[in-house]
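To start, the structure itself, in structure tokens.
The values are calculated or read from the model by the stated rules, or taken from the named source; none is laboratory data. Quick caveat, the model's predicted, so the values are computed rather than measured. Glycine gets a Cβ as well: all are built from the backbone with ideal geometry, and neighbour counts include every protein chain shown.
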Amino acid sequence: MDATQAYTWSGVPDDISNNIKVRVVDAINTNVYGDSLASFNIIGSITVQQPDASANWAVRANDKIITWLYTGSISDVNIYYDYGAGYQSLATGVSKGTGGSGSWPWPEIPDSVSNYVKV
């Protein structure tokens, strides 16, 4: 009889890779084991803090700062914005920041009014 078990992996290591497999081994007989069939990815993550859904940034404002939190070993970041027609590049090669957070001052908000802008 087959039994299905689950294990919650907390504290996934910061070993960024796109070729990870898991092996489950019998605690008593190490000759009994199984490997995951397909590789999976361990990736970093980025969460944009500002602007958020409640932000109202005025056209031509030059005092707005995009902020984010990150986890894992990530490189410099690229910043994009979308007015509903697809993402457009705003800045490339921006420092990710330090200590899990980063920011970038948006030089000037474009003269294009919308209630649905995404960064």
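Here are some notes:
- Some residue of the stretch 63-75 being assigned to a strand (DSSP E or B) and of a type in the set (Phe, Trp, Tyr): yes
Matching residues to (1) in contact (Cβ under 8 Å) with a residue 40 or more places away in the chain; (2) of a type outside the set (A, V, I, L, M); (3) within 30 Å of LEU90 (Cα to Cα); (4) in contact with an Asp or Glu (Cβ under 8 Å, 6 or more places away or on another chain):
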position: THR4; (1), (2), (3), (4): no, yes, no, no
position: PRO13; (1), (2), (3), (4): no, yes, no, no
position: ASN18; (1), (2), (3), (4): no, yes, yes, no
position: ARG23; (1), (2), (3), (4): no, yes, no, yes
position: SER36; (1), (2), (3), (4): no, yes, no, no
position: ASP52; (1), (2), (3), (4): no, yes, yes, no
position: TRP57; (1), (2), (3), (4): yes, yes, yes, no
position: ARG60; (1), (2), (3), (4): yes, yes, yes, yes
position: ILE65; (1), (2), (3), (4): yes, no, yes, no
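- Considering residues of the stretch 63-72 that are of a type outside the set (Gly, Ala, Ser) and either under 22 Å from the mean Cα position of the chain (by Cα) or exposed (fewer than 10 other Cβ atoms within 10 Å of the Cβ) (or both) only, the residue farthest from THR4 (Cα to Cα): LYS64
- Residue in the stretch 73-86 that is under 27 Å from GLY11 (Cα atoms), of a type in the set (A, V, I, L, M) and either loosely packed, with under 13 Cβ neighbours inside 10 Å or at pLDDT 90 or above (or both) present: yes
- Output for the stretch 39-61, where each listed residue is surrounded by 10 or more Cβ atoms within 10 Å (Cβ to Cβ), in a loop (DSSP other than H, G, I, E, B) and polar (S, T, N, Q): SER39
- Filter pass, ASP111 being in contact with a strand residue (DSSP E or B) (Cβ under 9 Å, 6 or more places away or on another chain) and more than 30 Å from ASP14 (Cα to Cα): no
- SER103 vs. criteria surrounded by 10 or more Cβ atoms within 10 Å (Cβ to Cβ) and under 22 Å from ASN18 (Cα atoms): no
- GLN5 falls short of the stated requirement of being surrounded by 10 or more Cβ atoms within 10 Å (Cβ to Cβ) and either of a type in the set (S, T, N, Q) or in a strand (DSSP E or B) (or both).
- Pick from the stretch 24-38, criterion among the β-branched types (Val, Ile, Thr) and part of a loop (DSSP other than H, G, I, E, B), ranking: surrounded by the most Cβ atoms within 10 Å (Cβ to Cβ): VAL32
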